[in-house]
Every structure is written in structure tokens, then in C-alpha cells.
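In what follows, a structure is listed as C-alpha cells, so that the remarks can point back to it.
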Amino acid sequence: MKRLMISTFFFVIACLAIHTSSAQAADTTLYHMQQKAYVYAQMDASTKATGSLQASARFYAQPASDGWLYVPNKKGYVQVEYAQPLNGEYVVVNAENIVLYKAATKSSQKLSSVISQSVAIRYNDVAAGWSLVSYNGTFGYMPTSVLAAPTVTETKVYVTDAELRNKPTKSAPVMAMIPADVELQVYTSFLGWSFIANDTYSGYVKTADITDNTPAPVMKKIALTFDDGPHKKVTPQVLATLKQYDAKATFFVIGEEAERNAAILKQAASEGHQIGNHSFSHDRLSTLSIRAVIADLEKTNAVIQRITGTKPTVYRPPFGAITQQMRTSISMPPILWSLDTLDWKHRNADKTVDVITNGAKDGAIVLMHDIHQPTADALPRVLEVLQAQGYTFVTIDEL
Ligand code: NI
């Protein structure tokens, strides 16, 4: 657990470094000069120096090739042997009336006063009894004795419309807006501010913006549709599976089959599934006159209404074959699909599962056929996987 915390901290520090100095590249590190060294325009110490870095100077640099660092502020290169990387870790200032000093002595210049319980970054360049720290972006020294390793005071918190700042003050610029569904940890809270972090965010938010409540998961909806039934053997199995998973679906039935398997159709409707019209005999409606199409759909609606007591509100043309005239002349909306399982073609339960679980999206309409045994066999796995992904299974009218 401890090891995990420590590695988390180093990751968070990297994030903070990026946030607080956005001009720095991701591989930029803070260095400390161990002795004075010259800066060169090229990685070649035999050329004329363009500048220098004094002993104890702190600067950001990026590793260049063999033995050299690139120093963006100096627009030049320095030899890595004179520089020591400074690795930071979070610390909480655990005392009142603390000051950030310019040097490791109380007689030196006071850079700023420090708020108790606020967070600093401590670096590995430590004078006796003093720590080099970065506090709200300013480098200085604080007594090591007042700095404590941060402990997580609250895990799994969330925020509402929280502005993330690198300092605990409203005058600090907003580094990011944290979305409401992101899980965070709180490291310390003081004066109405909390220092929060996760793998992506770290910084201060108003404590009032923090909540313990997990946001309600966004429910994704998907409409499973079954065509060409009812089938005397496959449809009852599909209905049993849907009931087991408390899933609703839409059955686009053929009028002839509805008459043949009326009891099954009645059961489907009574169990809360939507019944749509799929024509009387599965003719390619786009080849018929519009008058014949309307007559076919009305005849089918009458059969379904007689059996279930409810007149369909939607239809699906067989083969998806639809004309512009059908779109404008038929009062029911045509319902096609966004995800075709091709279950009629491959007749393979594994393939049906793969197509649906790979292609599922919020608002998808999935085309299947409740006349093929492998489709009924695939359904428990489909429901299991999608339910675990947060989907609810709704009828076309509920989508
Ligand atoms: Ni069909």
C-alpha cells in the first residue's frame, strides 16, 4: 500500500510540474548546479560559450544527447556532469506562522508567508535542518521539521463544477475544470480549500465543491430488435432470457407468423415488449404500389391489434427496402437499425455476441432474428456483457 502511495505521488508531482509550468515540455526536469558551468549554443565545449550557470543555480532542462542538457531559458546546452536533477515530493506544511526563506537560514530574506496545512513540493537538495521547497511556484527554504508527508484524508470524492487552481486562492488562474464524474483523493483541507489529486489532476479546489456522492452512472440505452417471428420454438426462449435479465425488446413480426403463433405474440406483448409491424408476408414492399403497401401494413396492424389489443406504432420494411414514397405516405415511422448482426447469414452465436459487444453504443438499434436458434443462444451472453457495461435494454418507443 505504501509503495503504491509513493509511486502515485511521483506521478502526481509530474502532473503538477506540467500544470504549474505549462511552458515546460513533459520531459523537462528541475536541476541544480553543483558548480559553475558554461552554456553553449551547440553541444560542443570547444566552441565559444554563450552564457553560464552559477553554482547552486536552479533551472529547468531537458536531456539532449550524450552528456548534455538543453536549457530552454538560456537557449543553449550545458554538460550534465555539473548538474544534479531535483526530484520533488509533496509535503504538507504542518505548523502555523511559517515563512518561505530565500536561503536556508532565518536571517535571510522572507519570500512569502505560508498557510498552515497547505501543500509544497520538497526537493532532494536539503541543507541541514532545512528543505528546498517550491511553494505556490516560488522556490525557497522551510524548516524540515514543519513539513509532513501528506496522508490521504478522504478517498473517492467527487466535485461539482470545480475549478482547479495551483494555489489556494481565487486569484490564481484556473488550470482546468474537473468533470463531475472523476474520482479524486483529498490530501489536506484548510481555509475552505482542499488539495486534491488523481492520475490526471492535482491542485486546489474549493472544499465546498467536493462531494462524497458517486454521481449517478449515465445509463446507456440500447434497443434490441427481433425480426421475422414469432417463432414457435425460438421466440419463447428469447422471451425467457429477456425476462431473466429484466430486458425489454422490440419484435417486428410478420402478420402470417403472428396468426400462426398468436399465443407467443400475446405473451411478448404482455411481458412489456414492443410489437412492430414487419409486413404480412415479408414481401419486398419497395416493389409494390404504395396502395398495396399501405393495405399490407394495415392488414398486419389489424392482426397484431386483434391478438395483443394494441396497434403497432412503428414498422420495419422487410430487407430494409424502403422508397421515398413510403416515407412520405405511411403514417407510421419506419424503423431500420444501426447495428446489423447478420445472424441470418452466419447462424453463429459467437459471431452474434462479437458483433453486438464490439459495436454497442448508446442509442443503438440492434437487428436480430428470433427465428434462428443460434441467435437465442447468443442472447444471454449479449445481455450479460452489455449490462456490465451499463446498458439498459429498451423498446424503440423508449429509446
Ligand atoms: Ni425480415
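Bear in mind these aren't lab numbers, they're just calculated from the coordinates by the rules spelled out. Predicted model, so just to flag it, every value in this text is computed and none were measured. Using ideal geometry, Cβ is built from the backbone for each residue, glycine included, and neighbour counts are taken over all protein chains shown.
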- request: Apply the Kirkwood formula to segment 131-176: the hydrodynamic radius equals the inverse of the mean of 1/r over all pairs of different alpha-carbon atoms; give it in Å with one decimal.
  value: 13.4 Å
- prompt: Expressed in nm to one decimal, what extension gain is obtained for the pair residue 323 and residue 113 from 0.36 nm per residue of sequence separation less their Cα-Cα distance?
  reply: 68.0 nm
task: Go ahead and run the numbers for FRET between residue 246 and residue 354, Cβ-Cβ distance against an R0 of 22 Å, rounding to 0.05.
output: 0.40
- request: Can you tell me the dipole magnitude for segment 282-339 around its Cα centre, using point charges on the Cβ only (Lys, Arg +1; Asp, Glu -1), in Debye to the nearest 20?
  value: 60 debye
- request: Figure the gain on full extension for residue 336 and residue 232 (residue separation times 0.36 nm, minus the Cα-Cα span) and round it to one decimal in nm.
  value: 35.0 nm
- prompt: Mind checking Rg over Rh on segment 303-399, alpha carbons, Kirkwood formula for Rh?
  reply: 1.00
field: Listed residues 179, 37, 255: farthest to the positive end of the dipole of the chain (Cβ charges)
entry: 37
statement: Cross-link reach from residue 102 to lysines, straight Cα distance under 21 Å and at least 8 residues apart if same chain, gives 36, 110, 167
query: Do any of 156/220; 248/311; 75/170; 74/206; 156/206 go past 26 Å between their Cα atoms, and which?
result: 75/170; 74/206
- line: Once residue 299 and residue 171 are pulled to full extension, the length gained, defined as 0.36 nm per residue separation minus their Cα-Cα distance, is 39.0 nm
- request: Would you kindly calculate the mean projected area, averaged across all directions, of the convex hull enclosing the Cα atoms of segment 120-266, in square nanometres?
  value: 14.5 nm²
- prompt: When N counts the residues of the chain, how does its alpha-carbon radius of gyration compare numerically with 2.2 N^0.38 Å, as a ratio?
  reply: 1.58
message: Quick check for me: using +1 on Lys/Arg Cβ and -1 on Asp/Glu Cβ, what's the dipole size of the chain about its Cα centre, in debye to the nearest 20?
response: 880 debye
- line: Measuring from the longest principal axis of the C-alpha atoms of the chain, the long axis of helix 2-20 (C-alpha) lies at a number of degrees, nearest 10, equal to 80 degrees
field: Contact order relative to length of segment 222-311, as percent, for alpha carbon pairs under 8 angstrom and 6 or more apart
entry: 29 percent
query: How far is helix 349-359 tilted, in degrees, relative to the longest principal axis of the Cα atoms in the chain, given as a value from 0 to 90 rounded to the nearest 10?
result: 50 degrees
task: Using the Kirkwood radius over Cα pairs, work out the Stokes-Einstein diffusion coefficient for segment 217-315 at 4 °C and 1.567 mPa s, in µm²/s as a whole number.
output: 94 µm²/s
Point-to-point label distance, residue 152-residue 54, nm (Cα→Cβ direction, 7 Å offset): 4.3 nm
message: Show log10 I(q)/I(0) for segment 65-132 at q = 0.21, 0.22, 0.27 Å⁻¹, two decimals, from a solvent-free Debye sum over equal Cα scatterers.
response: -0.96, -1.00, -1.21
C-alpha long axis of helix 234-244 to longest principal axis of the chain, angle in °: 40 degrees
- prompt: Got a sec? Charge dipole of the chain, +1 on Cβ for Lys and Arg, -1 for Asp and Glu; which of 388, 134, 205 is way out at the positive end?
  reply: 134
- prompt: Where in segment 155-255 are there trypsin sites (Lys or Arg not before Pro) that are in a DSSP coil and have at most 14 other Cβ atoms within 10 angstrom of their Cβ?
  reply: 170, 232, 233
statement: Cα-based Rg and Dmax for segment 287-338, in Å, come out at 11.2, 31
